[in-house]
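The values are calculated or read from the model by the stated rules, or taken from the named source; none is laboratory data. The shown structure was predicted, so the numbers you read here are calculated from the model rather than taken from an experiment. Positions of Cβ are backbone-derived with ideal geometry, glycine not excepted, and every protein chain shown enters the neighbour counts.
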Amino acid sequence: MAQFKIKKGDQVIVTTGRDRGKKGEVLEVLREDNRVRVQGVNIVKRHRRPTQANAGGIEAFEAPIAISNVAHIDPESGAATRVSIVEQDGKKVRVAKASGKVIS
């Protein structure tokens, strides 16, 4: 399994698809499927049947998108950037290639 540089809680920008340019926080990383769920991106609606636990109706939620279609946001410029992993003070940290700033 590959190492992902995008993690839950990261701020990302969508680089391709119908939601291109939208920014949001990663809600979930689905490692087996190489997909991520991003807040406010790829909103889909589903009709749900009422159950004892749920009232039913039309439910909107974020569907997963391919991890290759998102990129980290550069902390300095706010644009998309690639990420490298470097060692600082004995710990591995993620660094934006565009600005050299650490991504927390």
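Before moving on, here are some points about what is shown:
- Entirely in the stretch 1-82, the strands (runs of 3 or more DSSP E) that have 1 or more residues that are acidic (Asp, Glu), within 26 Å of residue 97 (Cβ to Cβ) and touching a residue at least 12 places away in the same chain (Cβ under 8 Å): 23-30
- Residue among 12, 41 that is modelled with pLDDT of 95 or more and touching a His at 6+ places or on another chain (Cβ under 7 Å): 12
- Residue check, residue 79 in contact with a Ser or Thr (Cβ under 8 Å, 6 or more places away or on another chain) and surrounded by 11 or more Cβ atoms within 10 Å (Cβ to Cβ): no
- Residue, modelled with the lowest pLDDT, within the stretch 87-104, restricted to residues that are surrounded by 12 or more Cβ atoms within 10 Å (Cβ to Cβ) and part of a strand (DSSP E or B): 103
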